[in-house]
Amino acid sequence: MSNRVSLKDIAQKVGVSTALVSYVLNGLEKEKRVGEKVVIQIREAARELNYQPNQIARSLRRGSTKTIGLIVFDISNPFSAQITRVIEDEAVKNGFTVIFGSSDENKQKSEALIDTFLYRQVDGFIIAPVEGTENQIAGLIKKGIPVVLIDRYFLQLNVSHVILDNFKATFDATIHLIQQGYKQIKMVAWLTSSTHMQERVRGYKEAMRINDLQAEINVIEVPLSILKLETEAFIEMKLQEMSHMDALLFATNSLTLAGMYCINKLGLKVPQKLGIIGFDGSEAFDFFYAPLSYVEQPLNEIGTKAASVLIGLINGDKEIVQHVVQPVLNIRNSS
């Protein structure tokens, strides 16, 4: 295996000092008043020798790796995949690279990812936090590491976040169903104390309450710990138990997809016998025989804002930014 090309090798090839090569390859040629001819020679020599800079050493010198650590709950989920892409695009525009991982809603895995990214010396974090990880996030804040939370947040932590107005999302969706004549509206949500899910449940309940439908309030709470096939079986069992139901509101994309499978299997007619509103978007929503109405999270706004806030913090901004994005209710055939 050939030895790594060094600045000294380039200097010897061109016939200049190692310091001069360093100035040019670090973009300091104008500041150090290096002649244009020498600059061209040094860069051509670096290309010919296939010089690869030592990124770790460079990062230590400038005190920055120009990397962002992104932790989402599941990169295979459309929400996570789309928002990762938006964040990555915005980061690249500003000269940053994004490294990411999935927590799988697991506290221990989240902690391991944070430790790994810290070892990689990321400049800051964008995190969709897992339930019970307040201390993990607080530890980053205590160390002075820039952090922005997305999708979820913790009331007790004074940290920047970019989130959906979760209450309004389900409130508006429930009001729409009521206005369409549905009364026996049930909600399918994850069983968790996470603030975003609690707010979605609260929005549904409040819309039912102000329309004198308290007696019809029913939230099917699906345990986070169960696997995909078990989720479908759990929802199917609950739907079979409900004789009085004319509409369903789903709290997440994954629950919507599981619910659609069950509705098809049980032969429930949409929207004649059952109105449906899903959450987030999916191609599956489009290809369902009654294209689904759904609550849309403006992912471009969430991802772009989260990235810009974090980059600002990395560059020295001190202000805590807590930005709330407004949902969009897309009405289609299923409601």
Discussion item. Step by step: first the residues of region 224-274, then only those that are part of a loop (DSSP other than H, G, I, E, B) and modelled with pLDDT under 85, then the one that is surrounded by the most Cβ atoms within 10 Å (Cβ to Cβ). Which residue is that?
Written reply: L224
Practice prompt. Hey, can you tell me all the residues within region 174-190 that are assigned to a loop (DSSP other than H, G, I, E, B) and touching a residue at least 40 places away in the same chain (Cβ under 8 Å)?
Written response: Q180, Y182, K183, Q184
Worksheet item: Can you find a residue in region 107-119 that is crowded, with 22+ Cβ neighbours inside 10 Å and either at positive phi or among the aromatic types (F, W, Y) (or both)?
Response: yes
Discussion item. I want to confirm something. Restricting to region 142-162 and keeping residues that are of a type in the set (A, V, I, L, M) and touching a strand residue (DSSP E or B) at 6+ places or on another chain (Cβ under 6 Å), which single residue is farthest from F73 (Cα to Cα)?
Written reply: V159
Worksheet, complete the sentence: Among residues of region 67-109 being part of a strand (DSSP E or B) and of a type in the set (A, V, I, L, M), the residue nearest to V295 (Cα to Cα) is V72
Worksheet item: Applying the selection to region 191-207, what residues are within 23 Å of the chain's Cα centre (by Cα) and in a helix (DSSP H, G or I)?
Response: T195, H196, M197, Q198, E199, R200, V201, R202, G203
Response to the item:
For region 1-34, the count of residues that are at pLDDT 85 or above and of a type in the set (D, E) equals 1
Worksheet item: Quick check, is Y289 surrounded by fewer than 16 Cβ atoms within 10 Å (Cβ to Cβ) and closer than 30 Å to M187 by Cα?
Response: yes
Discussion item. If the requirement is being at pLDDT below 95 and either of a type in the set (A, V, I, L, M) or surrounded by fewer than 19 Cβ atoms within 10 Å (Cβ to Cβ) (or both), which of these qualifies: E216, E206?
Written reply: E216
Response to the item:
Residue hits (region 115-173; among the β-branched types (V, I, T) and assigned to a loop (DSSP other than H, G, I, E, B)) are V122, V130, T133, I145, V159
Worksheet entry | Looking only at region 99-115, and only at residues there that are touching a residue at least 40 places away in the same chain (Cβ under 8 Å) and of a type outside the set (V, I, T), the one that is nearest to I71 (Cα to Cα) | L113
Worksheet item: Would a scan of region 91-98 turn up a residue that is free of Cβ contacts under 8 Å to residues at least 12 places away in the same chain, among the charged types (D, E, K, R) and surrounded by fewer than 18 Cβ atoms within 10 Å (Cβ to Cβ)?
Response: yes
Discussion item. For the list (1) closer than 30 Å to A91 by Cα; (2) surrounded by fewer than 17 Cβ atoms within 10 Å (Cβ to Cβ); (3) in contact (Cβ under 8 Å) with a residue 12 or more places away in the chain, I need the number of the one condition that A306 fails.
Written reply: (2)
Response to the item:
W190 vs (1) crowded, with 19+ Cβ neighbours inside 10 Å; (2) closer than 26 Å to E301 by Cα; (3) out of contact with any Gly (no Cβ under 8 Å at 6 or more places or on another chain); (4) modelled with pLDDT of 95 or more: all pass except (4)
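Condition check ((1) out of contact with any helix residue (DSSP H, G or I) (no Cβ under 9 Å at 6 or more places or on another chain); (2) at pLDDT below 95; (3) among the aliphatic types (A, V, I, L, M)) across all residues:
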{"residue": "L49", "(1), (2), (3)": "no, yes, yes"}
{"residue": "P53", "(1), (2), (3)": "no, yes, no"}
{"residue": "I56", "(1), (2), (3)": "yes, yes, yes"}
{"residue": "L60", "(1), (2), (3)": "yes, yes, yes"}
{"residue": "S64", "(1), (2), (3)": "no, yes, no"}
{"residue": "L70", "(1), (2), (3)": "no, no, yes"}
{"residue": "V86", "(1), (2), (3)": "no, no, yes"}
Practice prompt. Please determine, by comparing only the residues of region 309-335 that are of a type in the set (S, T, N, Q) and over 18 Å from N158 (Cα atoms), which one is surrounded by the most Cβ atoms within 10 Å (Cβ to Cβ).
Written response: S335
Discussion item. So, G259, is that one over 31 Å from the mean Cα position of the chain (by Cα) and small (G, A, S) or not?
Written reply: no
Discussion item. Looking for something in contact with an Asp or Glu (Cβ under 8 Å, 6 or more places away or on another chain), assigned by TED's automatic domain parsing to the domain that holds T304 and of a type outside the set (S, T, Y) - is there at least one such residue anywhere in region 86-99?
Written reply: yes
Practice prompt. Say whether the condition of being closer than 30 Å to T133 by Cα, surrounded by 12 or more Cβ atoms within 10 Å (Cβ to Cβ), among the hydrophobic types (A, V, I, L, M, F, W, C) and over 21 Å from the mean Cα position of the chain (by Cα) is met by at least one residue in region 275-285.
Written response: no
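The values are calculated or read from the model by the stated rules, or taken from the named source; none is laboratory data. All of these numbers come straight from a predicted model, not from anything done at the bench. With ideal geometry, Cβ positions are generated from the backbone for all residues, glycine too; neighbour counts draw on all protein chains shown.
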